[in-house]
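Student: Mind looking over this structure? Questions follow.
Throughout, read-outs are computed from the coordinates displayed, never taken from laboratory work. The structure displayed is predicted, hence computed values, not measured ones. Cβ: placed from backbone, ideal geometry, glycine included. Neighbour counts: every protein chain shown.
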Amino acid sequence: MSQDRRASSARRKVVIITPTVPLTQSDNAGGNFFSSLISQLADNEITLIVPESGKGSENASFPSIESVIVIPEQPLSETPFVRGAQERFDRLAPLRPPRGFLRGLQADPRAHAALRDADLVDIEWPSLSWSIRGIAALAPSARVVTTLHDVPSQGFWREYHTAASIKKKILLMSGALQAKMLERRVLGRADSVVVFSEKDRGLLDAARNVDVLLPWIPGFEPDETADSSRAPVALFVGPLRRIENWDAAVWLCSEIWPAVRRRLPEARLRFIGSSTPSRRELLEETSGVDAVGFADDLGAEYRNATVAVMPLRLGAGLKFKVLEAMTSGLPFVATSTATEGIGDHEFAPASFDDPQRFADEVVRILTSASAERETALDRLRWAHSRYGELPFERAVTAIYGEPSETAPATREHYDVSVVVPVFNGEHLLSHQLAALARQAEAKDLDIVIADNGSSDRTKQVALAYGDAFGALRVIDAGDRRGVNHARNVGLAAAWGEKVLICDHDDEVHSGWVAALAQALETADVVGGHAVPYSPSLSGRRHAPTTNLGDPLHSVLGYLPYAIGASLGVRRAAALAVGGFDETFIGGHDEADFCWRLQEAGYSIRGEEKAILSYRQRARARDAYRQARNSARTRLLLWVRFARTGAPVAPVSFRGAIHQALLAVTDVARLVRPGTRVEAAKGIGWALGTLEGHWRYRLRKQVPDRMLMSSLERDESSPSSSEPRTEPSSLQNSRSAR
């Protein structure tokens, strides 16, 4: 963390409840993340509360840790029958906290006082999160964050499907059910639930209080001058005491590595990670295998390796070892379990679940090491931009910190402003801001966060990214609710003549700003692609591989329009037509806006290079509401322009009734998880269409337009509001009237 950032932050009292203290050098990914988190929170007064079973509680050597409070564990009963019952319960409830932990918290005066005075409480790992209700009661004024590290129910179910014995399956099923209960409890009680990938957010049903924190993966300096003549080496990194790593190691040695050695007898496989002597001996029975154990210099292992292998079949969560290979510039081969949650619209790693295909890929890389090193170095840029120290610092500040108020921004010359309307966007805004920060023009941008009356930490999250841009301002747009009011307030406040608009819960792709800004040189309003993206179990947003077609959209057979989530407009033109109509609530506001611009003589064009990942509603109720609002506002759009004589296509009330009757068949699809969201959309669209006909056509309750006031438009006089050449589509539509 930069010294300036630390100096400007207020010193808060942070209590971290953790099963283990942070170590300066850990042999597991979770421990390394925890150490990075402690380092980023170093400007706070940190107290650790650790159960007696916590590893090395006396070795907390971080200078930012003020104190470590150890909570004694309640021993098992000395009565044989009770002791046996307790042991059986422990096996059935593997995620429970240490015995008597919550009672120990309540009884320990130091722990009680630390929690009572805390500003922030962070509960690390799932097992201690089970006590969140009691912990929250002891810390009434604190913000409670739970860092799950992964979604434990997924790991239990994976292991359940591979278990051979009925007894093992029963134990794993019990653990999975307990994990589901834990996840529901945490989602219901925590102010923020932290996971490490979009995949895990999807597993938690995209709950509104889930934050995705991409961890910092430092990696090791790659060896760009590696000797291509040296013997090929495959590298497996991970502590073999963990069941998922041991299962992968055994599978690798029994079904994959022998196939590699038959084709490359000189190849070596090295296992790096703490293990028992007996397990190392077992692995070394396979030809060409060296089980080294814990390595003090892991960087040397990466530099001397030709490829990293991650044949994981069990476990859950983000696999840091894949990212560590990427940030070390090392080619890798991994299964789908190892790569899940990694990748986005720019890059998605390939996966190999069949042992023969896995072996073939290892051989291919080992025999083309130089070329693969070049490819790996290209991936390193992508990994550093997502999993580097600076993105991690900003994200930690957004989730755990309280950024100080910056000095009021002074108006400077900016060519481009980006307006981001937001309402209660605490848990999604940071990803859009991180994507904007990766734009090449970030330091030349005026970012306007138009806060539409948020009651959460939206402002604090935005301020955490203040150093990423030329200017970042949080503007109060809460005097009237609605995204279009926020857009109008943002338009009025923008300093740039070119104004780009995107939503807080989407993610712009590389080059989005440059493409739209360039397009505004030849048009007054421009639109980019908004590629639908639904958080899924893979958590990936693949780059478009086919022609996406025209970025502009059409409705009712009239003029083209740009979607409001990926739109650019000349500020002068937007102000000249009064901005967005605030009576459109829930859809078709951008069509109305673009149509009014074109009818006033302004030009429009699409820009294919401007692409944005457009987050779809993951919950059925949200999808229903969105579809219903969109269908209703479509009728409002039709009525508005039909009254002026515009040649909009006719809409049928009889057809709306028929559509509503057909939607009854969607009710049965609501009970099936795979079809629930689509069914909700269908029902919402049918009911919204009927509602629009009833409200706007039959009852004629058409609201008066609500545009920007003349005062707002005159606040900053545009240099010119003259329209550009009238587009041919508008000329044709007018001649048809």
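Student: List the relative contact order of the range 620-706 as a percent without decimals, with contacts defined as Cα pairs under 8 Å and 6+ residues apart. Kindly include the intermediate steps, with their values, before the conclusion.
Tutor: Working: 99 pairs, mean separation 44.0, N = 87.
51 percent.
Student: Separate question: Of all DSSP beta bridges located in the chain, what percent are antiparallel, nearest 5? Provide the component values of the computation, followed by the final result.
Tutor: Working: 11 of 76 bridges.
Of all bridge pairs located within the chain, approximately 15 percent are antiparallel.
Student: So, one more: Check residue 603: other-chain or 5+ apart residues with amide H under 5 Å from its amide H, H built from backbone geometry?
Tutor: Correct list: 524, 525, 724.
Student: So how long is each side of the range 233-387 along the principal axes, counting just the alpha-carbon atoms, biggest first, in Å?
Tutor: Result for the range 233-387: principal-axis Cα extents of 43, 31, 31 Å.
Student: OK, next. Post the alpha-carbon centroid distance, the range 676-711 to the range 312-340, in whole angstrom.
Tutor: Measuring centre to centre over Cα atoms gives 47 Å.
Student: Take peptides 410-421, 343-354, 651-662 and line them up by average Cβ neighbours within 10 Å, highest first, as a rough protection proxy. Let's see the in-between values first.
Tutor: Values: 410-421: 19.0, 343-354: 17.2, 651-662: 13.7.
So the peptides 410-421, 343-354, 651-662, ranked by packing, come out 410-421, 343-354, 651-662.
Student: Could I ask something else about it? Just need the relative contact order of the range 3-212 here, percent rounded to a whole number, with Cα pairs under 8 Å and 6+ apart. All intermediate terms of the calculation are to be shown ahead of the outcome.
Tutor: Details: 358 pairs, mean separation 36.7, N = 210.
About 17 percent, as a whole number.
Student: Relative to the compact globular guide of 2.2 N^0.38 Å, what is the alpha carbon radius of gyration of the range 620-706, as a ratio? Walk me through the numbers before you get to the answer.
Tutor: Working: Rg = 14.2 Å, N = 87, 2.2 N^0.38 = 12.0 Å.
This ratio for the range 620-706 stands at 1.18.
Student: Please list the non-local residues whose amide H lies under 5 Å from the amide H of residue 71, H modeled 1.01 Å from N, same-chain partners needing a gap of 5 or more.
Tutor: Under 5 Å from the amide H of residue 71: 50, 52.
Student: Kindly express, to the nearest 10 degrees and within the range 0 to 90, the angle between helix 80-92's C-alpha long axis and the longest C-alpha principal axis of the chain.
Tutor: Helix 80-92 sits at roughly 40 degrees to that axis.
Student: Here's a follow-up. In sequence order, what are the phi-derived ³J(HN,Hα) couplings for the range 253-261 according to the Karplus relation 6.51 cos²θ - 1.76 cosθ + 1.60 with θ = phi - 60°, rounded to whole Hz, with x for glycine and proline?
Tutor: 6, 8, 10, 10, 4, x, 5, 5, 5
Student: Here's something else I'd like to know. May I ask you to evaluate 6.51 cos²θ - 1.76 cosθ + 1.60, the Karplus curve with θ = phi - 60°, for each residue of the range 441-454 and list the ³J(HN,Hα) values in order in whole Hz, giving x for glycine and proline?
Tutor: 8, 3, 6, 9, 9, 9, 9, 10, 8, 8, 7, 8, x, 5
Student: Taking H as built 1.01 Å from N, whose amide H comes closer than 5 Å to the amide H of residue 425, not counting residues under 5 places away?
Tutor: Sorted by chain and number, the residues that satisfy this are 458.
Student: Modelled label-to-label distance, residue 518 and residue 367, 7 Å Cα→beta-carbon offset: nm?
Tutor: Label at residue 518, label at residue 367, 4.1 nm between them.
Student: With a sphere of radius 10 Å drawn around the Cβ of residue 628, what net charge do the other residues whose Cβ falls strictly inside it have (Lys, Arg +1; Asp, Glu -1)?
Tutor: Values: positive: 625, 632, 681; negative: 691.
Overall, the nearby charge balance is +2.
Student: Using the structure shown, select from 180/319; 13/180; 459/609 the pairs with a Cα to Cα distance greater than 23 angstrom.
Tutor: Details: 180/319 21 Å; 13/180 31 Å; 459/609 31 Å.
Beyond 23 Å: 13/180; 459/609.
Student: Over every pair of different alpha-carbon atoms in the chain, take the mean of 1/r and invert it; report that Kirkwood radius in Å.
Tutor: Details: mean 1/r = 0.0352 Å⁻¹.
One decimal place: 28.4 Å for the Kirkwood radius.
Student: Tally Lys and Arg at +1 and Asp and Glu at -1 over the other residues with C-beta under 15 Å from the C-beta of residue 264: what net charge comes out?
Tutor: Values: positive: 230, 261, 262, 263, 268, 270, 364; negative: 266, 360, 361, 372.
Neighbour charge sum, excluding residue 264 itself: +3.
Student: Karplus couplings for the range 630-637 from phi (6.51 cos²θ - 1.76 cosθ + 1.60, θ = phi - 60°), rounded to Hz, Gly and Pro as x?
Tutor: Result, ordered by residue: 5, 5, 5, 6, 4, 5, 5, 4 Hz.
Student: Give the relative contact order (percent, whole number) for the chain; include only Cα pairs under 8 Å separated by 6+ residues. Present the calculation step by step, with values, prior to reporting the outcome.
Tutor: Details: 1524 pairs, mean separation 68.0, N = 737.
9 percent.
Student: Another question, then. For residue 274 and residue 665 in the same chain, what is the full-extension length gain: residue separation times 0.36 nm, less their Cα-Cα distance, in nm? Display every interim value, and only then the final one.
Tutor: Working: separation 391, 0.36 × 391 = 140.76 nm, distance 5.73 nm.
Computed gain between residue 274 and residue 665 is 135.0 nm.
Student: Further question on the same structure: For the peptides 619-631, 301-313, what is the packing order when you average, over each peptide's residues, the other Cβ atoms within 10 Å and list the highest mean first?
Tutor: On the way: 619-631: 19.6, 301-313: 22.9.
Peptide ranking by packing, descending: 301-313, 619-631.
Student: While we're looking at this one, here's another question. Measuring from label point to label point, each 7 Å out along Cα→Cβ, what is the residue 255 to residue 103 span in nm?
Tutor: With each label placed 7 Å out from Cα toward Cβ, I get 4.7 nm.
Student: Residue 168 to residue 133: extension gain in nm, 0.36 nm per residue of separation minus the Cα-Cα distance? Mind dumping the intermediate values first?
Tutor: On the way: separation 35, 0.36 × 35 = 12.60 nm, distance 3.04 nm.
Extending this stretch completely gives an extra 9.6 nm.
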